[in-house]
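The values are calculated or read from the model by the stated rules, or taken from the named source; none is laboratory data. Remember, predicted model here, so these are calculated numbers, not experimental data. Note that we place each Cβ from the backbone using ideal geometry, even for glycine, and neighbour counts take in every protein chain shown. The area values use the complete protein model at the heavy-atom level, side chains included, leaving out ligands, DNA and RNA. Shrake-Rupley method; radii C 1.70, N 1.55, O 1.52, S 1.80 Å.
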Amino acid sequence: MKARILKKYLILIIVFTASVTMLVGCGSKKEKTNKDITVTETVKPSKGDDANSGTDSSNSTATSKEETNTPAKEDTKELPIYVMNNDTLEKEDYVDMVPQDSKITAEFIVNEVVKNFEQNGVTIGINSVTTKGDTIYVDFKSDKAPLANVGSGVEATILDCIAQSLVDNLDGHNKVIYRVDGKAYESGHIILDLNEVYLND
């Protein structure tokens, strides 16, 4: 009888212990699971990631701004003129790109030719450029090229470039007369009368 009661108590203790163990095990499992869930839930895109995407966005904005601010190809048109070849010092064709709205006058053409010579180290002195009828008058300064600081070859090239650029671009103007300070053109190499036509195209 005592053995039977003892056996019952023993079984109860074993069942109780097993139950407690299972409960504790489930509890820790449940806690572990909750922890895992918590961890999973807290793994969200961090502010850093947002900041990065913000950076990407601002970068693309910056890029599109750069593209917008990149000056569009300026509206230009071609102006065929003549310039000096630096190697041969002779006249050669050149296509000058000028603003689309440029008014092509005798003065404008001469200025473009002069600018090109200046880029190559030759400063041409111009007093005035005027037109009368079919004639263009170009008046040079006596202390600058083509009258000073250049040899006879460069002098002739300057006169040829200016004259040919003028008659090729201005309809109805086919004569060019050169003067120096309002007087007849006269250098150590070339002598022209006051109204002598240098180029008649």
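If you go through the range 146-193 and keep only what is of a type in the set (Asp, Glu) and either more than 23 Å from residue 103 (Cα to Cα) or open to solvent by less than 40 Å² (accessible area, probe 1.4 Å) (or both), you end up with 155, 181, 186, 193. Is there any pair linking a residue in the range 143-159 that is closer than 13 Å to residue 90 by Cβ and of a type outside the set (Ser, Thr, Tyr) to one that is open to solvent by less than 30 Å² (accessible area, probe 1.4 Å) and assigned to a helix (DSSP H, G or I), with Cβ under 7 Å and at least six apart or on different chains, and which? Sorted first by the residue in the range 143-159, then by its partner, the pairs are 158/117. Taken together, 129, 95 contain a single residue that is under 25 Å from residue 192 (Cα atoms), outside any loop (DSSP other than H, G, I, E, B) and either among the hydrophobic types (A, V, I, L, M, F, W, C) or open to solvent by 70 Å² or more (accessible area, probe 1.4 Å) (or both), which is 129. Here the range 79-92 is the region considered, the condition is being under 27 Å from residue 132 (Cα atoms) and open to solvent by 20 Å² or more (accessible area, probe 1.4 Å), and the residue that is farthest from the chain's Cα centre (by Cα) is 91. Going through (1) touching a residue at least 24 places away in the same chain (Cβ under 8 Å); (2) farther than 18 Å from residue 83 by Cβ; (3) open to solvent by 70 Å² or more (accessible area, probe 1.4 Å) one by one, residue 136 falls short only on (3).
Examine the range 101-119 for a residue that is farther than 14 Å from residue 166 by Cβ and acidic (Asp, Glu), and state whether such a residue exists. Scanning the range 101-119 turns up at least one residue that is farther than 14 Å from residue 166 by Cβ and acidic (Asp, Glu). For the range 105-126, filtered to residues that are assigned to a loop (DSSP other than H, G, I, E, B) and surrounded by 13 or more Cβ atoms within 10 Å (Cβ to Cβ), the residue that is farthest from the chain's Cα centre (by Cα) is 125. Taking the range 160-176 as the range and being farther than 18 Å from residue 134 by Cα and free of Cβ contacts under 8 Å to residues at least 24 places away in the same chain as the test, no residue passes.
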